Amino acid sequence: MDVRTESGRRVTQMQKDRILSRLREKGCRITRQRLHLIDIILENECSSCKEIFYKALEQDNTLGVATVYRMVNLLEEIGAISRKNMYKVACSENCTMENACTIVLDDGTVYQLSARSWNSVIREGLRSCGYLEGQRVDSVSIRPCECEKQEC
């Protein structure tokens, strides 16, 4: 059964059931707070524990930040999530932040781009590929290749 979240992201009940099963196999109790955190992680594209924590606080002000960190570590331990694959770049076109984006090429070349330069690269790339026709880029989310050969 697929569920569409407020953000439009599709989450299957099967994903949640699989996570709960792995937690039970590990001997973990399935508490209300754990269920709540799993829902937040599955339904949102959070890029940090702090972001998960703030979303969780909206519904449960008794939750501690340590609980979020422990849960994220536990989910990573059972293979349900991978924090190294969570990246989110959200700088508006008017942002002046320096070093907003680091690009590392396979030859070791490293580029540090300001938010303005990063947005310019994204806009020009989208425009040259025919994806952008006057719209403005709001945010970009990047997931690194998960292939074993890293050749995607």
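Scanning for something in contact with a Phe, Trp or Tyr (Cβ under 9 Å, 6 or more places away or on another chain), among the aliphatic types (A, V, I, L, M) and surrounded by fewer than 18 Cβ atoms within 10 Å (Cβ to Cβ), does the stretch 64-75 turn up at least one residue? Yes: the stretch 64-75 contains one or more residues that are in contact with a Phe, Trp or Tyr (Cβ under 9 Å, 6 or more places away or on another chain), among the aliphatic types (A, V, I, L, M) and surrounded by fewer than 18 Cβ atoms within 10 Å (Cβ to Cβ). Name the single residue that is modelled with the highest pLDDT among those in the stretch 1-35 being among the basic types (K, R) and under 18 Å from the mean Cα position of the chain (by Cα). Per the criteria, the residue is K16. Take the conditions on the phi < 0 side of the Ramachandran plot and either assigned to a loop (DSSP other than H, G, I, E, B) or open to solvent by less than 100 Å² (accessible area, probe 1.4 Å) (or both) and apply them to R24. Does it pass? So R24 does not fit the description; no.
When we screen R32, R18 for residues that are without any contact (Cβ under 8 Å) to a residue 40 or more places away in the chain and open to solvent by 30 Å² or more (accessible area, probe 1.4 Å), the only hit is R32.
The values are calculated or read from the model by the stated rules, or taken from the named source; none is laboratory data. No experiment lies behind these values; they were computed from the predicted model shown. Every residue, glycine as well, gets a Cβ built from its backbone with ideal geometry; the counts of neighbours run over all protein chains shown. For the accessible areas, the whole protein counts, side chains as well, though only heavy atoms, and no ligand, DNA or RNA atoms are used. Shrake-Rupley method; radii C 1.70, N 1.55, O 1.52, S 1.80 Å.
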